[in-house]
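Input: a single structure, listed below in structure tokens.
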Amino acid sequence: MTTFKTLLLAAAVLAPAAIVAPAQAQVSGIAVADPQGAIAGSKAWTTARGQIETTYKAQLDQAETRRQAIARELQPLVTAFQTAQRAPTPNAASLQSQAQAIQARETAANQELARLTQPAQRAQQYVIEQIQAKLGDAVSNAVRAKNVTLLLRPDAALFAQPAADITASITAELDRLVPTVGITPPAGWQPNQQGQQGGAAAPAAAAPARATPARATPARTTPQGR
């Protein structure tokens with residue numbers, strides 16, 4: 001389902017900001033790895049994602065229906081704004097007013113969508129934190145097995161041979177260390193608890209689907225933050 005994939009995969013899985021190979025390891029190579037990709041490729045995440053999709057199907061379907069309805073509502077406003085913006089002598093005050101009205105409706109719409117998808121997002125955060133709790137061990141095991149002395153994120157390396165990427169090895173370790181996770185947070189659980197208690201960076205909540213069919217951004221009249 002498109003909305004669910006957007007909710008869970010677009011920008012949803014975050015890993016610790018820095019991963020360092022254990023000092024005691026007898027290693028001699030340099031490798032790259034994508035911790036986000038390692039988590040996203042794990043069996044625990046894949047299984048939990050399907051469970052969340054089934055458990056929260058009604059809420060996710062409702063959110064998608066509302067997103068489409070809001071997009072249809074906003075489209076005439078955006079079209080009118082863009083038409084006015086292209087006028088030979090656009091009225092700056094009118095453009096400002098239209099942009100503010102569109103922004104206010106977008107904000108309200110995204111808040112509504114966030115409320116509808118909140119149960120699924122909460123379950124997602126709980127799943128990610130359970131897997132992330134084992135990420136450090138998975139990295140340590142993978143760099144030790146691969147004889148790695150320095151591990152970089154892919155975007156930190158100017159060039160790396162495919163063989164230097166040990167993301168799959170980290171995923172394999174995650175599959176061994178955390179084969180399954182629950183999707184129902186216990187009573188009193190709050191997102192990022194494990195990150196705060198364990199000192200690791202906490203994963204960010206995935207953003208709900210955007211309701212805007214097109215951006216309305218005047219060159220000099222858009223309110224700050226647009």
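We did not get these values from a lab; they are worked out from the coordinates using the rules stated. A quick note: this is a predicted structure, and the numbers were derived from the prediction, not measured.
Quick rundown of the values:
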quantity	calculated
Set of aspartates and glutamates with alpha-carbon distance to Lys134 below 16 Å, sequence-local pairs under 8 removed	Asp34, Glu173, Asp175
Dimensionless Rg ratio for region 32-182, taking C-alpha atoms and the 2.2 N^0.38 Å reference	1.54
Shape call, region 70-159: gyration tensor on alpha carbons, a/c limit 1.5	oblate
